[in-house]
1. Can you find a residue that is over 30 Å from VAL21 (Cβ atoms) and modelled with pLDDT of 95 or more anywhere in region 78-95?
2. All but one of (1) assigned to a helix (DSSP H, G or I); (2) out of contact with any Gly (no Cβ under 9 Å at 6 or more places or on another chain) hold for ILE165; which doesn't?
3. Test of understanding: among LEU205, LEU237, LEU230, LEU201, which residue is buried (at least 16 other Cβ atoms within 10 Å of the Cβ), over 30 Å from TRP16 (Cβ atoms), of a type outside the set (Gly, Ala, Ser) and out of contact with any strand residue (DSSP E or B) (no Cβ under 8 Å at 6 or more places or on another chain)?
4. Have a look at LEU147, LEU119 and point out the one that is touching a residue at least 12 places away in the same chain (Cβ under 8 Å) and closer than 24 Å to SER222 by Cβ.
5. Quick one: which of VAL139, VAL126 is touching a residue at least 60 places away in the same chain (Cβ under 8 Å) and of a type outside the set (Ser, Thr, Tyr)?
6. The conditions are (1) in contact (Cβ under 8 Å) with a residue 12 or more places away in the chain; (2) among the β-branched types (Val, Ile, Thr); (3) part of a helix (DSSP H, G or I); (4) more than 20 Å from THR250 (Cα to Cα), and THR97 fails exactly one of them. Which is it?
Amino acid sequence: MADELSPPGASRAGLWPVDKVVLSYFAICVVLIVVWWRSLPQAPWLLAGHALLTGILFFQIRVPNPTSWVFRNWYPTVYVSLCYREMSILVPAIRHTHADRWLADLDFRIWHANPTIWLERIYNPVLTEYLQIVYTLFVPAVILVGLVLWLQSRWAEFQSYTFLIAIGFLVSYLGYLLVPARGPRFLLRPLEHASLNGLWLFHHLQSTLDQLESAAYDCFPSGHTELTILALWGTRLISKRVFCIYFAYTLSIMFATVYLRYHYTVDVMAGVVTALVLIGISPWLYRTLQKRN
């Protein structure tokens, strides 16, 4: 029955590498919830959420059905987004301080200036509008690479790409916990001499992102930088033309993170390093997890 529900040659047996990564991350979060139970009013709901999501995953693994193939390939998209929301609850409860001042001071030591303030001299409504759109399209841009591989029925490549992206997101969340920071647009606001203004969509897009991200401590490492580089790496599986488009997009988003005051430059550097490390180790890790079923 399982073979009838899957594309030809697709393996459905046991836990996939991405499943093991997600479940390992869940285990870490459950430990954190239990240890900081008294500091988390939402602890019972968070624990129940992890149990429910884990149960759904194991149901799809153990009881193949018409939804299993699509679910098992695409569920990380939903799960990692829920994990992001969870971090906005866990970080303030577990970490009662933030690293913004330390990151800003490190930036200043490197550049002998605050980069977000220094960039005020080149502010332009057209540039601001463009960069905000680029920054906002981050998640669709990452998903689009996987979607193209999916539509081309390149299952093995799709699954290895999904594995890389999932681990990229989850590693960045652990970084938020280790180095909690909200960004220069909050810490350095008293030093600003000019407000960011775009043309038509800037303020709407920015306020929408603020509502979606809540009061997240999500600066270090820069997930936008890290995941866009991972997506860029994935485009080599599609075509040189797509790779070139994503290369330009990656440069734009890295600049946007600082220009728009979302990140310190050290966040961006950390995002680059994290992406390169994951690109280097993910093939080995994927093969290792694939063998251990």
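The values are calculated or read from the model by the stated rules, or taken from the named source; none is laboratory data. Keep in mind it's a predicted model, so treat the numbers as computed, not measured. Backbone-built Cβ (ideal geometry, glycine too); neighbour counts: all protein chains shown.
1. no
2. (2)
3. The conditions single out LEU205.
4. So the residue among LEU147, LEU119 that is touching a residue at least 12 places away in the same chain (Cβ under 8 Å) and closer than 24 Å to SER222 by Cβ is LEU119.
5. VAL126
6. THR97 satisfies every listed condition except (3).
Yes/no matrix, rows are residues, columns are (1) free of Cβ contacts under 8 Å to residues at least 60 places away in the same chain; (2) in a helix (DSSP H, G or I); (3) in contact with a Pro (Cβ under 9 Å, 6 or more places away or on another chain); (4) farther than 28 Å from PRO184 by Cα:
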site: ILE56; (1), (2), (3), (4): yes, yes, no, yes
site: ILE61; (1), (2), (3), (4): yes, yes, no, yes
site: PRO64; (1), (2), (3), (4): no, no, no, yes
site: PHE71; (1), (2), (3), (4): yes, yes, no, yes
site: PRO76; (1), (2), (3), (4): no, yes, no, yes
site: ARG85; (1), (2), (3), (4): no, yes, no, no
site: PRO92; (1), (2), (3), (4): no, yes, yes, no
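Rundown of residues vs (1) farther than 23 Å from TRP102 by Cβ; (2) in contact (Cβ under 8 Å) with a residue 12 or more places away in the chain; (3) touching a Gly at 6+ places or on another chain (Cβ under 9 Å); (4) charged (D, E, K, R), yes/no style:
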| residue | (1), (2), (3), (4) |
| --- | --- |
| PHE247 | yes, yes, no, no |
| LEU251 | yes, no, no, no |
| MET254 | no, yes, yes, no |
| THR265 | no, yes, no, no |
| VAL268 | no, yes, no, no |
